[in-house]
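Structure record follows, encoded as structure tokens.
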Amino acid sequence: MDPCPRDLGLRVISNWKIVFPIEIWGEKMAELSRRQPIVAVLGHVDHGKTSVLDYIRSLGQNRQASVMAREAGGITQHIGATEVPASLLNELCSPLMGGKEFLSPGLLFIDTPGHHSFSTLRTRGGSLADIAILVIDLMEGCQPQTLESIRILKQAKTPFVVCANKVDRIHGWRCTHGRSAAASMKDQDAQAQGLFEQKFWDLVGQFGEQGFNLDMYNKISDFTQNIALVPCSAKEGEGMQDLLAITIGLAEKFLEEQLSDVVGASEGTVLEMKEERGLGKTLDVILYRGEISKGDEIVIATENGPQITRVRGLFRPRGMAEMRDAGDRWDAIETVEAASGLKLAAPDLDGVLAGTTLRVLSDGENRDDVIDAAREESEISIELDEEGIIIKADTLGGLEALAFELRNLETPVPIRSAGIGPVNKRDLRGAENASDPLHKVILAFSTTIQSETADELSKEDCAVEFIDSDVIYHILERFDTWIQERKIQLEEEKREKIVYPGKIKILADHIFRRSGPAVVGVRILGGRLHIGQRLLTIDGNKVGQVKSIRIGDSSHKEAKQGDEVAVAIEGATVGRGIDEEDILLVDVPASHARRLRKLELTAAEQDVLDELTALHRAEDHFWGR
């Protein structure tokens with residue numbers, strides 16, 4: 001599927017209503033069995049993802065007789081998901097639909113606390129989500145996590161709609177709860193519309209840089225070529241009906257085949273394994289194909305290969321408020337059909353890999369194929385290098401997303417080890433044993449760290465850098481900063497070991513001792529002077545070795561260009577070989593000269609090195625080569 005879905009077949013008429021052609025909504029198609037589209041909501045931090053989901057959840061509150069007993073048509077919240085039924089969508093979007101109704105049973109919005117990247121939600125064939133809503137703060141435009149989301153959507157070839165959120169922040173913008181975006185645009189004064197146009201064209205330019213054509217949803221005739229932007233205020237509830245209508249319309253038009261794929265092998269994506277009071281170890285699952293029943297035999301992918309077990313119980317939390325913390329307040333169910341969020345209890349769930357596929361086993365001929373598929377998924381398919389960094393993530397999708405970003409940097413980062421689950425001592429030892437100091441690092445995406453390992457990593461003398469975040473671009477930013485700082489540090493360490501070129505001048509009237517050792521005042525004309533270095537005259541005669549460097553009453557290991565210091569020179573005698581206002585050079589060994597030519601020297605250091613090279617090559621043509 002293309003990142004831009006194919007022609008939706010929408011047309012705009014004079015009263016701004018969106019009309020779906022009759023051939024899309026024929027009665028024969030309505031008879032087809034289909035599941036509801038799965039929708040993911042993405043966006044930068046604080047751009048309004050939570051507000052969009054909160055608005056969607058709020059739609060069914062007036063239809064609810066009580067938390068314990070919802071009426072038909074009310075919002076149902078499953079594990080990691082919010083389900084909006086078609087009856088509610090049809091009612092909400094009716095002003096835009098020209099009398100037509102949606103074919104799908106509703107929309108299932110993925111909402112997975114603790115899973116902070118769309119990329120962690122995957123099926124064997126790609127993205128778990130059928131379609132996505134990318135939320136952007138209209139006033140701030142594309143931010144780093146927005147761009148990360150766009151790259152992930154493009155990679156997964158997932159169609160998406162842009163929710164240009166927070167239009168209410170435009171100066172002078174007048175919002176009306178529940179009003180369509182098209183009607184709202186017509187009701188704004190020229191100044192507010194002008195400010196909106198400015199922000200809109202900024203977004204058009206930013207999307208153009210990412211290879212997408214962005215346009216207003218009500219001006220698009222060919223969705224093959226354009227991404228739809230819907231102006232919204234999730235806070236005020238304005239434009240949300242347009243957003244939902246466009247989202248489900250795109251899904252129904254272009255995803256008919258996968259939405260009709262409701263029979264055959266039953267599959268779901270494991271979000272995470274949890275310990276629940278009264279239930280024991282459970283799996284939170286999004287079922288995207290077929291159905292699953294209590295007593296079904298299932299196969300899951302674990303770190304030790306495929307694991308076959310049997311469903312002991314299926315559950316949904318009792319009441320909307322308990323979705324994220326239901327405790328022991330669970331309703332048991334016998335059967336669940338796709339698409340749905342559910343909690344599953346079964347024996348032998350240890351080691352399950354979050355983000356992998358749960359498959360229902362049957363007694364048919366494909367039983368071995370299903371087990372082989374789970375075995376293949378248990379083997380993390382990320383290309384590894386003999387030397388490189390360590391990466392960890394909480395899910396397979398998250399691990400693949402982090403690896404993808406590292407491979408696609410301007411300078412690709414080699415990966416020696418990649419794993420799912422908490423960072424452990426094995427990861428730490430692997431990073432410690434890296435031969436390249438720039439590879440002594442562990443990058444962890446949206447996962448935890450074992451306590452003993454955390455204690456070791458927190459020690460000041462730990463040689464391994466640990467970088468973790470729930471947002472990939474934060475990891476990449478911090479990793480890049482560490483790389484740059486570590487390179488500087490390593491460069492400084494090299495400088496301490498290598499003899500660097502330097503030129504000094506003995507100052508007049510600054511002879512403090514003539515010998516044993518000679519102590520003289522000098523100015524560093526270029527490069528640097530370090531304790532232990534040997535000195536030459538500009539004629540190439542050996543002078544002696546620097547024993548100490550002092551400024552006032554304090555001792556120093558090194559003096560740099562421009563410094564005036566007192567130097568003790570072992571083996572030198574003033575008046576015999578050296579004298580006031582003489583120029584001396586730091587003698588660089590030939591092997592060091594070869595290494596220095598590969599490093600970045602200052603202009604003064606390079607000049608002194610060239611002078612030394614000419615001096616030595618007068619006697620040895622191959623010196624420093």
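Readers should treat all values here as calculations from the given coordinates under stated rules, not as data from a laboratory. Quick caveat: nothing in here was measured; it's all calculated off a predicted structure. FYI the Cβ positions are ideal-geometry reconstructions off the backbone, even for glycines, and counts take in every protein chain you see.
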Cα-based equivalent ellipsoid, the stretch 267-378: semi-axes from gyration tensor eigenvalues, Å: 23, 15, 12
Cross-link pairs Lys503/Lys560; Lys392/Lys487; Lys440/Lys487 - those with Cα-Cα distance over 20 Å: Lys392/Lys487
Full-stretch length increase - His556, Glu197 - with 0.36 nm per residue and alpha-carbon distance subtracted: 122.9 nm
With Cα atoms, 0 to 90° folded angle of helix 190-209 axis to the chain main axis: 70 degrees
Nearest-ten-degree value, helix 396-407 long axis tilted from longest Cα axis of the chain: 40 degrees
The chain, relative contact order [Cα under 8 Å, separation at least 6], %: 10 percent
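What FRET efficiency comes out for the pair Glu376/Leu147, r = Cβ-Cβ distance, R0 = 30 Å, nearest 0.05?
After rounding to 0.05, the efficiency reads 0.40.
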R0 of 56 Å, Cβ-Cβ distance Asp582-Val45: FRET efficiency to nearest 0.05: 0.30
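If you take every DSSP beta bridge whose two residues both sit in the chain, what share of them, in percent to the nearest 5, is antiparallel?
70 percent
Which ordering of Lys560, Lys487, Lys166 is given by a fewest-first count of other beta-carbon atoms within 10 Å?
Lys487, Lys560, Lys166
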Whole-Hz couplings from phi, Karplus 6.51/-1.76/1.60, listed for the stretch 219-232; x for Gly and Pro: 10, 8, 10, 10, 6, 5, 9, 9, 9, 7, 10, 10, x, 9
Distance violations [Cα-Cα > 29 Å] among Lys425/Lys497; Lys100/Lys199; Lys166/Lys343; Lys186/Lys235; Lys274/Lys425: Lys425/Lys497; Lys100/Lys199; Lys166/Lys343
Projected label distance in nm at Arg595 and Asp385, using a 7 Å step from Cα toward the beta-carbon: 2.4 nm
For Phe512, residues with placed amide H under 5 Å, excluding near neighbours: Val519, Val520, Gly521
Ala444 long-range amide H proximity, modeled H, under 5 Å: Lys392, Ile467, Asp468, Ser469
The chain: angle of helix 49-58 to the longest principal axis, Cα-based, in degrees nearest 10: 20 degrees
Fewest-first sequence of Thr335, Thr269, Thr613 by Cβ atoms within 10 Å of each Cβ: Thr335, Thr613, Thr269
Cβ crowding within 10 Å averaged over residues, with 390-398, 344-352 ranked highest first: 390-398, 344-352
FRET efficiency estimate (nearest 0.05) - Cβ-Cβ, Ala603 to Cys462, R0 35 angstrom: 0.35
Size descriptor, Kirkwood hydrodynamic radius, that averages inverse alpha-carbon separations across the stretch 508-625, Å: 14.8 Å
Cβ charges +1 (Lys, Arg) and -1 (Asp, Glu), total dipole of the stretch 389-494, debye: 380 debye
Whether the stretch 389-494 is rounded, prolate or oblate, judged on the alpha carbon gyration tensor where a/c under 1.5 counts as rounded: oblate
Exposure proxy order (Cβ contacts within 10 Å, fewest to most) of Lys598, Lys154, Lys100: Lys598, Lys154, Lys100
Label corresponding to Cα Rg over 2.2 N^0.38 Å when calculated from the structure given, among (1) 1.07; (2) 1.34; (3) 1.22: (2)
Per-residue HN-Hα couplings for the stretch 439-450 [Karplus 6.51, -1.76, 1.60; θ = phi - 60°; Hz; x = Gly/Pro]: 9, 7, 8, 10, 9, 10, 9, 6, 9, 9, 9, 5
Whole-Hz couplings from phi, Karplus 6.51/-1.76/1.60, listed for the stretch 173-184; x for Gly and Pro: 6, 9, 9, 10, 4, x, 7, 6, 5, 4, 5, 5
